[in-house]
Structures are given as structure tokens and as C-alpha cells.
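Peer 1: What follows is a single structure, and I will ask about it in a moment.
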Amino acid sequence: MSDKQVRVRFAPSPTGKLHVGGARTAIYNWAFARANGGTFILRIDDTDPTRSTDENTQIILRAMRWLGLDWDEGPEVGGDFGPYSQTERLDIYKKAAQKLWDEGRAYPCFCSAERLAADRAAAQERKDPFQGYQRNCRNIPADEARARIEAGEPYVLRIKVPEDRGDVIIHDAVHGDVTFNARELDDFVIFRTDGTPTYNFVTVVDDAMMGITHVIRGDDHLSNTPRQVMVYEALGAPVPTFAHISMILGADGKKLSKRHGATNVEEYRDAGYLSDAFVNYLALLGWSLDGETTIVPRDVLASKFSLDHVSKNPATFDPKKLDWIQAEYIRTLSDADFADQIMVPELHEAGLIEGNVDYDEAWVDALAAIVKPRTKFPADVATVAAPVFATAETLVYDEKSVEKGLAKEGMGAILDAARAALDAVAADDWTPEAIDAALEPLPEALDLKKRVVFQAVRVAECGNMVSPPLGETMALVGRADCMARLDRARTIAL
Ligand code: GLU
């Protein structure tokens, strides 16, 4: 690597939302910048005015924020090399093209679409391996070209690929050396008839002016790269290091698309994936820390990411692995962090806790301890915690659970015995341990199976058979309401 300060960019086109493939490219650029003490630039490639929208730009910025990929230069933060939207840089592109034209490195071409089609057909006929532009207008004298332009003849501007350029070798950091024959490169268009510049031109003008040292992007752009190298050379700008990262495939080996499920970042956010887990998962699609570590927290990624651990093989998107990583992130949160980051916001969202009600910290932590192991996605919190926030009147009894665990002969006797046992637990001793100890002897005393007894009490207290541990839940609910629940359930039990 050169000793130049690393400058990288992520340059999405706002023609749609942020796709997981784009997000992974963004993550690699961000991590590469952070790991090298470099600069991460966000540039909006909105040169296609018919398909780019401000709304999509806003969605992309929001997704970048949610992913936690802070950019050092770009929209909303500014920087010394702006503006950072291509539509605002048209004058810059015009000047750059004019300079190349003045220097004889670009030239106007007046060929009509019909002429180009006829040339292509003729090349096919004679089985010419090169079927691109035949360079008809390369040698039109400057005076003649000027006169035709002044007479209003439409033209495009083409780059002049030097005759003697030879092979163009891309030293790709992922793919190794990739060789293209310069003779097969078109003198491609850099400005269209309507005065708009093309992708291969503007990208290089921007990357050169913004001092980009490493271009990390999807390998669908590898075939554009030799043309872009021609633009760097014409501009007299240093060619950056390229790193083309592999495609992301679905389980069927085809390019990841809607057919495989969610493909936009915001769909994952809305489904309740944690940003940290999602970034960790995407980072591993084509990069690895050491070939085996699966949990790579953001700070490790930002210090250890390197291009030599990026694979050139396509990566397969595996939703099961993503879910596993998500579960790991939730599992390893402390109860207090789980409460702060996930549980309390979800309880607010679900209206289970209100604005300023001051919950006792120990109570919140105790709740987190039983809710966390049952949470795969943040939205599970409200379901798991619902019995705790209910009252004897509002508790919802699950029909199936009642049928199986409560509305059966002999269940009334269980509830009566439970009530008597719990009555003996003093209000200031209402702890999970005391509750469990009070209920413990019941199966033997009633000569019933443990499962039957506890199922009946569980349904009575929690409304269902799958709630968190009984003693813990009842302690959180409080003594008075637990008793009232037993009384209500007694009217159902036989
Ligand atoms: N705007 C291009 C894209 O979204 C950027 C390609 C590049 O990184 O050069 O594919």
C-alpha cells in the first residue's frame, strides 16, 4: 500500500433504496478507512436524472445512519472536495471534458445511431472480434469539427484511447492482475448529445479530484475499469488501487434479488434486526477476520478490516446465519444494556409503559433477565412481557392454554391449594425464591404430577403456558395482583 492517506468513497446511485449488496460495499469502504486512519466519503451518484430521486437519497442516508457508517465528507457533513452530489458538479465535468478536448485527448463524434448500427453489423459480418465504435471521427480536422458544431450538427464527445496503449492491466486487490486489451476498448462517449456526461467519465473525474486512493466496489464494475483507467491517464491523474468485491448470491446460486426475500436495508431494520448484528453479518459476506470467527463487533471490524482477507468467490446470503448472529448479539448484552437498548424502547412503543413513570431499576433489571432469553427480535419483548404488565382484570387468557391447563376437572383444587400456600408468603417476602418455595410442596400434597400443578398455576397467573419462569414473573407482578389472578382463574377452573 502506498503511504498516502487512505481516502475511499461509497458512491450509491439513488435510483432505489439501499440494497444489502450496496450496504456491504459501504461497510467495506467504511471499515477500510477506519482501519487505516483514512477518510470515508459518501458521494451521491445521481447523474441519471430520470431514475434518481431525492426521496431515495434520503432513504440511503437514513440507512447509512442506521448501519452506523459515519462518513467524514459528503452530504450533510460537507468537506473540502464538494459538492458531493454529481448533479451539482456538472460544470466540473464540462471543464474537465473541455480540457481533454483542447489537449486532443477527446474529440467530437458526429456519427448517427444508424451509422453506428451499420458499422456494428459490418463488423459482425466480417467476424471482427472488435465490434465497437470504429473511430470514424477520430481524424476530423479541428476546423471542420468546429464548423459542423456551429452549424448545429449533433455530436457526442469521445475519449481517444491511444493507439499504442497496449494491454491495460488492473492490479486488483481482490482479483489479482486482470488484463484487458486496449485495442478492444471503444473510444467511448464521455459526453452525450444532450450534454450530459457518462458514468465512466464522471466517476473518474470525481475520484481523481477527491483524491480517492482505493476504489472498493462490486465486481459488476470490473469491466468498466479499463475504460476508467483510460480517463485517469487522459486526465494525468494517478490510478487508484481497485478492489472489486464479489456478488452476493441467494441460496439457489443466483444473484440475490427480491425472489430470495428482503433485499433492502430498511426491511431488515423494520424486521427488528440490530444494526450491530446486521453489519457483522454483512461484513462476513466475502471477508473474514481469520477464517473462523463469526462474531466480529464493529470496533474489531474498524480496526482489523483488510482487503487481503476479502474473497473473490461469490458469497451466499444465509438468513439462518444472520438470525444466529442476531441471537448472539442479544444474548451477550448485559441485562441492563438489553433493558436500555431494546426492552424499554419496545415497552414504550407497545404502550406498556408510559412516559415518565419511574420504574424501579432493580425491577426493570429483573424483568430484563427473564425477557432477554425469550427475545429473538425486539418485537418479541411486548409479547413476552405482556403478562407482567397486565392486571387481574386485563390479563388475556390464551384459549388453548385454558383448555389444556385450567378448564379441567380437579384444577380448582390446585388453585385453592396454591392460594393457601401463597397466602402464607408475607408481602415483604414476595420474592421468586419464596414463591417457588411455597409452591414446591403442592404436587406431593395433592398427589398430582408436578407438570399438571405448575401448568394450572402458570395459566392462572400468566394466561398461557409458555411464559417466563413462574416465580420470577409472579414476583414482578406483585402479591396482590397474583392473588386476584388466582381468584379470577378460580371462576374458570373446574
Ligand atoms: N454509482 C455507482 C453504483 O451505484 C458507483 C459505482 C462505483 O463505485 O464506481 O453502482
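The values are calculated or read from the model by the stated rules, or taken from the named source; none is laboratory data. Values in this document were obtained by computation on a predicted structure and should not be read as measured data. Here the Cβ positions follow ideal geometry from the backbone for every residue, glycine too, while neighbour counts run over all protein chains shown. Surface areas here come from the heavy atoms of the whole protein model, side chains and all, with no ligands, DNA or RNA. Shrake-Rupley method; radii C 1.70, N 1.55, O 1.52, S 1.80 Å.
Peer 1: Between a first residue in region 467-494 that is assigned to a loop (DSSP other than H, G, I, E, B) and a second residue that is hydroxyl-bearing (S, T, Y), which pairs have beta carbons less than 6 Å apart while being 6 or more apart in sequence or on different chains?
Peer 2: Filtered contacts from region 467-494: S467/T473.
Peer 1: Can you find even one residue in region 34-43 that is farther than 28 Å from D308 by Cα, within 10 Å of the ligand (Cβ to nearest atom), within 18 Å of the chain's Cα centre (by Cα) and open to solvent by less than 20 Å² (accessible area, probe 1.4 Å)?
Peer 2: no
Peer 1: Right, something else. Being closer than 28 Å to H214 by Cα, at pLDDT 95 or above, more than 20 Å from the chain's Cα centre (by Cα) and open to solvent by 50 Å² or more (accessible area, probe 1.4 Å), is that true of even one residue in region 242-252?
Peer 2: no
Peer 1: Now for a separate question. Mind telling me which of the residues K312, K258 ends up being among the basic types (K, R) and touching a His at 6+ places or on another chain (Cβ under 6 Å)?
Peer 2: Going through K312, K258 in turn, the sole match is K312.
Peer 1: With respect to A31, determine if the residue is closer than 21 Å to V300 by Cα, within 14 Å of the ligand (Cβ to nearest atom) and not in a loop (DSSP other than H, G, I, E, B).
Peer 2: Numbers: closer than 21 Å to V300 by Cα: yes; within 14 Å of the ligand (Cβ to nearest atom): no; not in a loop (DSSP other than H, G, I, E, B): yes.
For A31, the condition - closer than 21 Å to V300 by Cα, within 14 Å of the ligand (Cβ to nearest atom) and not in a loop (DSSP other than H, G, I, E, B) - is not met.
Peer 1: Looking only at residues that are touching a helix residue (DSSP H, G or I) at 6+ places or on another chain (Cβ under 7 Å) and either open to solvent by 10 Å² or more (accessible area, probe 1.4 Å) or not in a loop (DSSP other than H, G, I, E, B) (or both) in region 1-10, which one is farthest from the ligand (Cβ to nearest atom)? I'd like the intermediate steps shown before the answer.
Peer 2: The first filter runs over region 1-10 and keeps only residues touching a helix residue (DSSP H, G or I) at 6+ places or on another chain (Cβ under 7 Å), leaving 6, 8-10.
Adding the requirement that they be either open to solvent by 10 Å² or more (accessible area, probe 1.4 Å) or not in a loop (DSSP other than H, G, I, E, B) (or both) leaves 8-10.
Values: V8: 10, R9: 7, F10: 8 Å.
My answer is V8.
Peer 1: Regarding L422, is this residue in contact (Cβ under 8 Å) with a residue 40 or more places away in the chain and in contact with a Pro (Cβ under 8 Å, 6 or more places away or on another chain)? Steps first, answer last, please.
Peer 2: Numbers: in contact (Cβ under 8 Å) with a residue 40 or more places away in the chain: yes; in contact with a Pro (Cβ under 8 Å, 6 or more places away or on another chain): no.
The answer is no for L422.
Peer 1: Now for a different question. Please go through region 11-28 and pick out each residue that is within 12 Å of the ligand (Cβ to nearest atom) and part of a loop (DSSP other than H, G, I, E, B).
Peer 2: A11, P12, S13, P14, T15, G16, L18
Peer 1: OK, next. So how many residues does region 276-297 have that are under 11 Å from the mean Cα position of the chain (by Cα) and open to solvent by 20 Å² or more (accessible area, probe 1.4 Å)?
Peer 2: First pass over region 276-297, keeping only residues under 11 Å from the mean Cα position of the chain (by Cα): 276-283.
Checking which are open to solvent by 20 Å² or more (accessible area, probe 1.4 Å) leaves us with 276.
Number of matching residues: 1.
Peer 1: Then there's this: Which fully enclosed helices (runs of 4 or more DSSP H) of region 343-449 have 3 or more residues being surrounded by fewer than 17 Cβ atoms within 10 Å (Cβ to Cβ)?
Peer 2: Where helices (runs of 4 or more DSSP H) fall fully within region 343-449 and carry at least 3 residues being surrounded by fewer than 17 Cβ atoms within 10 Å (Cβ to Cβ), they are 344-349, 361-371, 399-405, 411-423, 432-439, 442-446.
Peer 1: Filter the helices (runs of 4 or more DSSP H) completely within region 66-181 down to those with at least 2 residues that are within 26 Å of I27 (Cβ to Cβ), open to solvent by 40 Å² or more (accessible area, probe 1.4 Å) and small (G, A, S).
Peer 2: none
Peer 1: Name the pairs whose Cβ atoms lie under 6 Å apart, with the first residue in region 377-389 and among the hydroxyl-bearing types (S, T, Y), the second surrounded by fewer than 21 Cβ atoms within 10 Å (Cβ to Cβ) and in a helix (DSSP H, G or I), and 6 or more positions between them or separate chains?
Peer 2: Nothing qualifies.
Peer 1: From the list V239, V204, pick out the single residue that is open to solvent by 10 Å² or more (accessible area, probe 1.4 Å), without any contact (Cβ under 8 Å) to a residue 40 or more places away in the chain and within 16 Å of the ligand (Cβ to nearest atom).
Peer 2: Among V239, V204, only V239 is open to solvent by 10 Å² or more (accessible area, probe 1.4 Å), without any contact (Cβ under 8 Å) to a residue 40 or more places away in the chain and within 16 Å of the ligand (Cβ to nearest atom).
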